[in-house]
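The values are calculated or read from the model by the stated rules, or taken from the named source; none is laboratory data. These figures come from a predicted structure and were not determined experimentally. With ideal geometry, Cβ positions are generated from the backbone for all residues, glycine too; neighbour counts draw on all protein chains shown.
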Amino acid sequence: MWRKHWRIWRLTLVILILLTNIYLSGCQSDKLSAVVIPASGTIESSGKPEIASEDEVRMPQSLDEPKVISPEQTTEPSPQTKPETFPDPKNEANLSGPVPEKSPPNTPIHPYYGLDGTPPSAPGLAMRKRVFNKEPERMAYLTFDDGPYPETTPRILKILQDEGVKATFFVLGRQVERYPDLLKAEYEQGQGIGNHSYSHDYSSVYRSPEAFSSEIKRAEDVIFKTIGVRPRILRAPGGTQGHFHVNYYNMLDAANYLVYDWNVSSGDAAAPLVPADQLIQNIETQVPGKSRVVILMHDAGVKTTTVDALPRIVNYLKQKGYSFGVITEKVAPVLFPGGFNS
Ligand SMILES: [Zn+2]
C-alpha cells in the first residue's frame, strides 16, 4: 500500500517536474521572444542610427556639394525665382543706364567754358576754373591736325607768313619724330603747337583714359625733345564726341591740359581730296553768326586741296572782320557737348 502511494507520488512528482519544465520553457520562449523583439528593436533602432548615420553622411555630402542640390532646388523654385529675375533686368537697366546721373534735377550741364573761365559742368565732371584772355569781337583760330608732313607743312607756313596770320598745329608725336625740323619751323614762326596724341590710332588712343593719357604723354615728350616746350593744349583724334566720357576730361584737367574741339569744319576729311571750292563753301556756310570760330583743317600730306584753299579762306575771314589768333591755354576752348554723355 505504502509502495503503491510512493509510485503515485513519484509519478505525480515527475509530472509536476515536467509541467514545471514545460512552463518554464514556455516562459523562457516568451522571454526569448520578448528579448528578441526588443533586440530586433534595438537592431532597428541601431539600424536607424546606421541609416541615419548614412543619412548624416549623405546630408553633409549634400551640404558640401551644393552644386548637386542647387540644380534640383533651382529647377524647382525656378518659377519662384523667375519672377524675381524679371525685376532684375529692370534693376540692371536702372543701374547700367546712369540715366538719373545724366540729368539730375539740380545739376545743369554746361558743355563749354565761360569766357570768364567758368569750367564745363556735368555730373561727375570736376574741371578747374581758368583765366582766359579777352578777345576781339570776332576771332578766328585756324587749326591744322595730323602733321607735320613735308608735302603740306612748308606750304601752309609760307601762306600764313605771306598773309600775316597765325594758326595752331595739333601735331602727332609720330610725325614729329619723322620730321622734327618741320615742328621747329612751326614753332619758330610763332604758330601755336598742340598735342594730338602720338599715334592717332583709335584702338590705342581710346582703349581707356589711361591709354589716352600715355599717348598724350608720349607725344608731349617728343614735342618737348624737339622744341623744348610742353604744350598744354590738346585736340582729341576725331574730336571728343563719341570718344570721351567724364573720366577723360577729369584726367586731362588733372594733367593741366585743355581740350579743343571745333565749331567750323572745312570738311577736308570727308574724302581723300575734297575740291578747294567745296572746302571754302563749307567754311562760308558755317562761319556766319559766330563771334569766335575754331576751324578744323588737316596738315596731312595728301590734303593738298586744303593748302590750295587756304589763301581764300584767310581772305574770306579777313573780309568778315575776323582777327587771327594762336591757341594757348589762355584761349577758351570750344567743346562738343556730346562727349559728356557718351
Ligand atoms: Zn587728327
Check: Do we have Ile280 as within 16 Å of the ligand (Cβ to nearest atom) and either more than 19 Å from Leu296 (Cβ to Cβ) or in a helix (DSSP H, G or I) (or both) here?
Finding: no
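If you take the residues in segment 150-172 that are away from the ligand (no atom under 16 Å from the Cβ) and either part of a loop (DSSP other than H, G, I, E, B) or outside the structural domain of Ser266 (by TED's automatic domain parsing) (or both), which one is farthest from Gly267 (Cα to Cα)?
At the first step, the residues of segment 150-172 found to be away from the ligand (no atom under 16 Å from the Cβ) are 150-151, 154-155, 157-166.
Now drop any that are not either part of a loop (DSSP other than H, G, I, E, B) or outside the structural domain of Ser266 (by TED's automatic domain parsing) (or both), which leaves 150-151, 164-166.
Numbers: Pro150: 22, Glu151: 20, Gly164: 24, Val165: 21, Lys166: 20 Å.
That would be Gly164.
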Item checked: Residue check for Gln161: surrounded by fewer than 15 Cβ atoms within 10 Å (Cβ to Cβ) and modelled with pLDDT of 95 or more -> yes
Next item on the list: Please state which of the following conditions Asp253 fails to meet, knowing it meets all the rest: (1) buried (at least 20 other Cβ atoms within 10 Å of the Cβ); (2) under 25 Å from the mean Cα position of the chain (by Cα).
Entry: (1)
Note to self: Going residue by residue through segment 251-266, is there one that turns out to be part of a loop (DSSP other than H, G, I, E, B), farther than 24 Å from Ser204 by Cβ and either within 14 Å of the ligand (Cβ to nearest atom) or not assigned by TED's automatic domain parsing to the domain that holds Ser213 (or both)?
What the structure shows: yes
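Which count do you get for residues in segment 307-329 that are more than 15 Å from Ile156 (Cβ to Cβ), more than 34 Å from the chain's Cα centre (by Cα) and surrounded by fewer than 19 Cβ atoms within 10 Å (Cβ to Cβ)?
Step one: filter segment 307-329 for residues more than 15 Å from Ile156 (Cβ to Cβ), giving 315-323, 325, 327-329.
Remaining after also requiring more than 34 Å from the chain's Cα centre (by Cα): 315-323, 325.
Subsequent filtering for residues that are surrounded by fewer than 19 Cβ atoms within 10 Å (Cβ to Cβ) retains 315-316, 318-321, 323.
So the answer is 7.
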Checklist line | First in segment 233-249 and at positive phi, second anywhere and within 14 Å of the ligand (Cβ to nearest atom), Cβ under 9 Å, 6 or more apart | finding: Gly238/His200; Gly238/Tyr202; Gly238/Val205; Gly238/Tyr206; Gly239/Asp261; Gly239/Trp262; Gly239/Leu296
Margin query: Report every pair of residues separated by at least 6 positions or lying on different chains whose Cβ atoms are under 9 Å apart, first residue within segment 185-203 and on the phi > 0 side of the Ramachandran plot, second more than 15 Å from the ligand (Cβ to nearest atom).
Written below: Gly190/Lys166; Gly190/Val326; Ser197/Arg218
Check: Name the residues in segment 275-306 that are in contact (Cβ under 8 Å) with a residue 60 or more places away in the chain, surrounded by 22 or more Cβ atoms within 10 Å (Cβ to Cβ) and farther than 20 Å from Lys134 by Cα, would you?
Finding: Leu296, Met297, Asp299, Ala300, Lys303, Thr306
Item checked: Filtered residue count, segment 285-302, keeping only those that are within 14 Å of the ligand (Cβ to nearest atom), among the aliphatic types (A, V, I, L, M) and assigned to a loop (DSSP other than H, G, I, E, B) -> 2
Item checked: Matching residues, segment 173-197, being closer than 20 Å to Asn247 by Cβ and either away from the ligand (no atom under 14 Å from the Cβ) or hydroxyl-bearing (Ser, Thr, Tyr) (or both) -> Ser197
Notebook entry, point to check: Taking segment 161-175 on its own, how many of its residues are touching a Leu at 6+ places or on another chain (Cβ under 9 Å) and over 22 Å from Asp261 (Cβ atoms)?
Noted result: 1
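If you go through segment 270-281 one residue at a time, do you hit one that is acidic (Asp, Glu) and in contact with a Leu (Cβ under 7 Å, 6 or more places away or on another chain)? It would help to see each step written out before you state the result.
If we filter segment 270-281 for residues that are acidic (Asp, Glu), which is where we start, we get 277.
Next, from what is left, pick out any that are in contact with a Leu (Cβ under 7 Å, 6 or more places away or on another chain): none.
Looking for residues that are acidic (Asp, Glu) and in contact with a Leu (Cβ under 7 Å, 6 or more places away or on another chain), one finds none in segment 270-281, hence no.
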Check: Restricting the search to segment 204-222, which residues are in contact with an Asp or Glu (Cβ under 7 Å, 6 or more places away or on another chain), away from the ligand (no atom under 15 Å from the Cβ) and free of Cβ contacts under 8 Å to residues at least 24 places away in the same chain?
Finding: none
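Just to be sure I understand, how many residues within segment 223-250 are part of a helix (DSSP H, G or I) and either under 19 Å from Arg128 (Cα atoms) or within 16 Å of the ligand (Cβ to nearest atom) (or both)? Step through it out loud before you land on a result.
Residues of segment 223-250 part of a helix (DSSP H, G or I): 223-227, 246-250.
After this cut, where a residue has to be either under 19 Å from Arg128 (Cα atoms) or within 16 Å of the ligand (Cβ to nearest atom) (or both) as well, the list is 223, 246-250.
Qualifying residue count, segment 223-250: 6.
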Margin query: Conditions first: (1) surrounded by 10 or more Cβ atoms within 10 Å (Cβ to Cβ); (2) at pLDDT 50 or above; (3) within 30 Å of Gly338 (Cβ to Cβ). Ala93 passes all but one, so which condition is the exception?
Written below: (2)
Notebook entry, point to check: Does Gly147 count as small (Gly, Ala, Ser), assigned by TED's automatic domain parsing to the domain that holds Ser291 and at positive phi?
Noted result: no
Item checked: Residue ID - modelled with the lowest pLDDT, chosen from residues in segment 98-148 that are of a type in the set (Asp, Glu) and surrounded by fewer than 17 Cβ atoms within 10 Å (Cβ to Cβ) -> Glu101
